[in-house]
Amino acid sequence: MKKLPIGIQTFRKMHEGNHCYADKTPLIAKLADSGGAYFLSRPRRFGKSLLIDTLAEAFLGNQDLFSGLWLENNWDWEHKHPVVKLDFAGGVLQTADSLELTLLARLKENADGYGLTLENEGVHLRLHELIAKLHEATGERVVVLIDEYDKPILDNLEKPEIAVQMREGLRNFYSVLKGQDAHLRFVMLTGVSKFSKVSLFSGLNNLNDITLDPRYATLCGYTQSELETVFSEHLDGVDLDEVRHWYNGYNFLGESVYNPFDVLLYLDRKIFRSYWFETGTPTFLIDMIRERGYAMPQIHEMRIAEETLEIFDVDQIALEALLFQTGYLTIQSHRQGPGGLLDTLGYPNHEVAHSLPHAFLNAHTPSAQPIGRLSETLFNALEQNRPERLESAFHAFFAAIPHNWYRKNKLSEYEGYYASLVYCAFASLGVKVIPEDVTNRGNIDLTVRWQNVVFVLEFKMVEPGSPTGSALVQIRERCYAEKYQAPETSVSLIGMEFDQKKRNLCGFEYEKSKEVTNDQ
C-alpha cells in the first residue's frame with residue numbers, strides 16, 4: 001500500500017518513499033512548453049511547495065523520479081537546466097536587515113551548489129550575477145523558482161511600517177528578473193496573496209498570472225477523481241459524500257478541488273475535523289472584520305467585481321480579496337456583467353463554514369467558557385425543539401463580552417452586530433444557517449434548520465424605554481413560517497430585540513407550531 005504523503009513537500013521524498021501522488025505533470029509540461037514567467041496564488045498548505053520542487057526536479061533532468069508519470073515520456077530530458085530555488089517558508093522575518101541577510105544566505109546556497117562564488121554587493125546585484133554566471137557555466141538558460149514569495153510581508157501585516165519595508169526590499173529583489181530574460185528559461189513565483197503590480201511587481205510586469213486561469217485550476221489540490229483513484233487503497237469505510245461536504249469546494253474557475261492537507265489527515269485518522277483551519281488562527285483577519293464592522297452573514301454570499309480580488313497591498317487591503325486569497329472564501333459563480341466580470345464568493349465547504357464563525361465568536365470573549373456553554377445550549381435547543389432556551393443562553397453570552405471591547409466602536413448600536421453574533425453562534429455548530437432567507441413576503445433575518453426542527457429568527461433594535469414585540473409581529477404578519485410548513489417539521493418563530501445601551505437582549509418572544517423533536 002502506498003503511504004499518505006503527510007508533511008511531504010519534496011518530490012524526491014515523495015517518489016522514493018512510495019507515497020501516493022496525484023500526477024500533475026501534464027499541467028507542468030504545459031507550463032514549461034509555454035515558457036515565460038508565471039505567478040500562482042493559492043491558500044496556505046495547498047501543495048505549492050511540492051509543485052515548486054517538482055518543477056525543479058524536472059528542469060534538473062532527474063528523469064528517474066518521474067517513472068510511471070505522464071512527464072516521463074513527455075519532457076526534453078537531454079537539456080538539464082540550472083535551477084535557482086528560493087523559499088521564505090522557514091521563520092518569521094521582522095526587520096529589513098533580517099530580510100537582506102536571508103536573501104544573501106539563500107543566494108549563497110544556490111551558488112555553492114554549482115561551485116560558484118558571488119562577488120557583488122547587494123542582494124539584487126547578486127541575483128543578477130548568479131543568473132548570468134549559471135548561464136555562462138552550464139550553457140543552458142536558468143530556471144528561477146520562488147516559493148512563499150510574499151511571506152515576509154504577510155507575517156508583518158499587523159505592523160504596516162515593517163510590512164512596507166519588506167515589500168520594498170522584495171520589490172527591489174524581484175525586479176532583477178525582468179532584465180534577465182535572455183538568461184532565463186522559466187520563472188515561477190507562488191504565494192498566498194496577489195499583490196498589485198504597481199506595488200510589488202512594478203519592475204516585473206511580465207508575470208503571467210495563472211491564479212484564475214481555468215486551464216490550471218487543478219494544478220494544486222486534489223480533484224474528486226484524484227481522491228477516488230490515487231487514494232483508493234485508503235478509502236475503506238469512507239463516506240465520500242461526507243468527505244466532499246467537509247473538504248471539497250475550492251474553485252479557481254475550473255473543476256473544484258480539495259485542500260490536500262485536509263484530505264491527508266482525514267484519511268490517516270478517519271475523523272472529521274477542521275484540520276486546515278486549526279493550523280493557523282486568522283487573528284489579523286478576524287480583527288479586520290470586527291474593526292470594519294463587517295456583518296458576518298454577508299460572507300455567506302458576497303457579490304463583487306473580479307478586479308476587487310486583486311486589490312491587495314499593505315496600505316490598501318480589500319477584505320474580500322484577503323478572504324479569497326487566504327482560502328476562507330472561494331468563487332461560487334462567475335459571469336460577465338455590463339461593467340466586467342462579476343463573481344459570487346462563499347464558503348468553500350463545511351470546514352470553513354463553521355470554523356470561521358466560531359473564530360469570530362472566540363474573538364469576543366476572553367475565555368472559551370462562554371462559547372462552550374452557548375454552543376451546548378443552542379444545539380440542545382435545536383435537538384430537543386426548545387426555542388425558549390435561546391433567551392438565557394444569548395443573554396449570558398452578550399453579558400460576557402468585555403465592556404472595553406466597545407470602547408473604540410459603536411457596533412452595539414447596530415442590528416447587524418447582533419445578527420452577526422447570533423448567526424456565528426449557530427453556524428459554528430455546523431447546522432444549516434440561511435441569512436436573509438428569501439420568501440414571497442420578504443426576507444427572514446435568519447433561518448436555522450437541524451433535521452426536522454426549524455427556527456425562524458427576526459432581529460430588532462429597540463430604543464431605551466420603547467415597547468418590545470415588533471420582531472415577532474413582523475414574522476407573523478409576513479407569514480414567514482409558511483415556507484417551512486410540512487408534515488413532521490416543527491417551525492418556531494423567534495423575535496429577538498436588543499437594547500443598544502444595555503448591549504443585550506431586552507425582548508424575546510417565540511411561538512412553536514408543534515412538538516416535534518430530532519430524536520423521533
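The values are calculated or read from the model by the stated rules, or taken from the named source; none is laboratory data. All values derive from a computational prediction rather than experimental measurement. FYI the Cβ positions are ideal-geometry reconstructions off the backbone, even for glycines, and counts take in every protein chain you see.
Out of the residues in region 211-254 that are among the β-branched types (Val, Ile, Thr) and not in a loop (DSSP other than H, G, I, E, B), state the one that is nearest to Asp147 (Cα to Cα). Lay out the reasoning, then the answer.
Taking region 211-254 first, the residues among the β-branched types (Val, Ile, Thr) are 211, 218, 223, 229-230, 238, 243.
Imposing the further condition that a residue be not in a loop (DSSP other than H, G, I, E, B) reduces the set to 229-230, 243.
Working: Thr229: 28, Val230: 26, Val243: 29 Å.
Ranking the candidates gives Val230 first.
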Output the number of residues of region 491-511 satisfying the condition of being at pLDDT below 95, assigned to a strand (DSSP E or B) and of a type in the set (S, T, N, Q).
-> 1
Only one of (1) within 16 Å of Phe398 (Cβ to Cβ); (2) free of Cβ contacts under 8 Å to residues at least 40 places away in the same chain fails for Leu323. Which number is that?
-> (1)
Any chance Phe39 is in a loop (DSSP other than H, G, I, E, B) and not charged (D, E, K, R) = no
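State the number of residues belonging to region 461-490 that are of a type in the set (Asp, Glu) and either modelled with pLDDT under 90 or part of a strand (DSSP E or B) (or both). Before you say what the answer is, go through the steps one by one.
We begin by selecting, within region 461-490, every residue of a type in the set (Asp, Glu); these are 463, 477, 482, 488.
Of the ones still in play, those that are also either modelled with pLDDT under 90 or part of a strand (DSSP E or B) (or both) are 463, 488.
Result for region 461-490: 2.
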Hits in region 44-59 - residues which are under 18 Å from Glu226 (Cβ atoms), touching a helix residue (DSSP H, G or I) at 6+ places or on another chain (Cβ under 9 Å) and buried (at least 21 other Cβ atoms within 10 Å of the Cβ) | Phe46, Gly47, Leu50, Leu51, Thr54
Would you check which residues across region 113-151 are touching a helix residue (DSSP H, G or I) at 6+ places or on another chain (Cβ under 6 Å) and of a type in the set (Asp, Glu) and list them?
-> Asp147
Among residues belonging to region 272-323 that are within 26 Å of Asp241 (Cβ to Cβ) and hydrophobic (A, V, I, L, M, F, W, C), point out the one that is surrounded by the fewest Cβ atoms within 10 Å (Cβ to Cβ).
-> Phe272
State whether one or more residues within region 171-181 are within 29 Å of Pro5 (Cβ to Cβ) and assigned by TED's automatic domain parsing to the domain that holds Ala58.
-> no
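Going residue by residue through region 184-200, is there one that turns out to be part of a helix (DSSP H, G or I) and of a type in the set (A, V, I, L, M, F, W, C)?
Taking every residue of region 184-200 in turn, none turns out to be part of a helix (DSSP H, G or I) and of a type in the set (A, V, I, L, M, F, W, C).
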